[in-house]
Amino acid sequence: MGNSSSDGLKGLSPKANYAVFIWAILIPILVLAFIFGREALPYLSGFLGALTLFSILRGQMRFLTTKWHFPRWLAALLLLMEALFFFLLPLAGIASMLIDLFSHNHVDLNEWYHQVVQWIDEVKESIGFDFVRKDEFFVNQVLPTLTRVGQTFTTKIVMGVYSMIINSVVLLFVLYYMLYEREYFETSIRELLPFTEENKRILVAETQRIIAANAVGIPLLAVIQGGFAYVGYMFFGIESALFYAVLTAFSTIIPMIGTMVVYVPLALSLGFGGSWGMCVGLLLYGFFIIGGVDNVIRFVLQKSLADIHPLITVFGVIFGMSIFGFWGIIFGPLLLSLLVLLLNIFRHDYIPGSVAQTQIAREKKGAWIERFRLKKKAK
């Protein structure tokens, strides 16, 4: 091994030698990570999906191997089947349904325009006031733009489904070895995190909650609201009820108005068609049933889900779909939420006087205040 005087480069202090050795290791790591990372970029969704499902399934893996003493390969295989049947196959079914809906439901925007103009004329005649100036701007500018957007959206869906198939294979392959080497993988991640032990615990706990909120809570809420919307649209005689139910499910990510952007125009179309009773009925159904489901589900899941700001969900989906395709619906909000979490940890630890707090810190503070209030009340 040699003595300490022969270790390192001559003429440099131990501290300088340490820095040289660190960079001598880090530079090859960064270069190789860049080379292989650039080639692996198309499969990034598969790796992210594996990490997401690992976070959800790691507790089950620990239970199967420590409590029931399953062999690691068998426990990992069983959980792989669970991920396939309860996550990947439903996701593939939704993607297939979207392609079928958008390819077989032709929306004539020009017909919509003339129908809207007819409704406006009827309203003007009833109130006796000309409040809308008709021109050709909608036909010449808006319609072509909407048509191009629709074609681009359909193309992205088709390409996203192809990417989803490839990345699903990568996901299953990587997830198996993550589960099989669960303890080693978790230990390695904790060692590489450049945080204090307290912040590591906070980061891991909040990451699990963020993953549960984005990968489970948001899709679950969208599917449930879409299901209730489909029942209502069928009952009130809306044509292409499944198509509009899918749009309703996607509209759940829009802040404030949410599903109203779909069921309100549909209800008004019934009213302008002469069925004002059905119009009022659909509006009430949408407000109390479709919209009410949101509050009920969030109340049931609020203890296990992180508090995700609506803007994070909206912009996460927008940016995520441009980066990951169809997978971006899940990973966009997830990564944006993690970015906000890391910013809050940085602000809390390194910016004096910062008001930033993680959700767990806020809950601990709230629990402490509640205990203090109860003790004071008891005295």
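The values are calculated or read from the model by the stated rules, or taken from the named source; none is laboratory data. Worth saying up front: this structure is predicted, and the values here are computed from it rather than measured. For neighbour counting, all protein chains shown are included, and Cβ atoms are generated from backbone atoms with ideal geometry for every residue, glycine included. SASA here: full protein model, heavy atoms, side chains in, ligands and nucleic acids out. Shrake-Rupley method; radii C 1.70, N 1.55, O 1.52, S 1.80 Å.
For an R0 of 30 angstrom, estimate the FRET efficiency from the Cβ-Cβ distance between PHE287 and VAL223 and round to the nearest 0.05. Before the final figure, lay out each step's value.
Working: r = 20 Å, r/R0 = 0.67.
After rounding to 0.05, the efficiency reads 0.90.
Starting from the Cα-Cα distance between ALA205 and PHE346, subtract it from 0.36 nm times their residue separation and give me the gain in nm to one decimal. Working shown, then result.
On the way: separation 141, 0.36 × 141 = 50.76 nm, distance 1.65 nm.
Fully extending the segment from ALA205 to PHE346 adds 49.1 nm.
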How much FRET efficiency would the formula 1/(1 + (r/R0)^6) give for TYR18 and GLU191, where r is the Cβ-Cβ distance and R0 is 22 Å, rounded to 0.05?
0.75
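Roll a 1.4 Å probe over the protein chains and send me the accessible area per residue for the range 192-293 in Å². Could you put the intermediate results ahead of the total?
Numbers: 4780 Å² over 102 residues.
Solvent-accessible surface per residue comes out at 47 Å².
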For ASN295 paired with PHE235, estimate the spin-label separation in nm (one decimal), with each label point 7 Å from Cα along the Cα-to-Cβ line.
1.8 nm
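Based on the Cβ-Cβ distance of ILE254 and GLU82, what FRET efficiency does E = 1/(1 + (r/R0)^6) give at R0 = 25 Å, to the nearest 0.05? If you can, show how the numbers build up before the last one.
Details: r = 32 Å, r/R0 = 1.27.
The value I calculate is 0.20.
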Could you give the length gained on full extension between LEU339 and ILE25, defined as 0.36 nm per residue of separation minus the Cα-Cα distance, in nm?
110.3 nm
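Within 10 Å, count the other beta carbons around each residue, average over each peptide in 166-174, 210-218, and list them highest first.
210-218, 166-174
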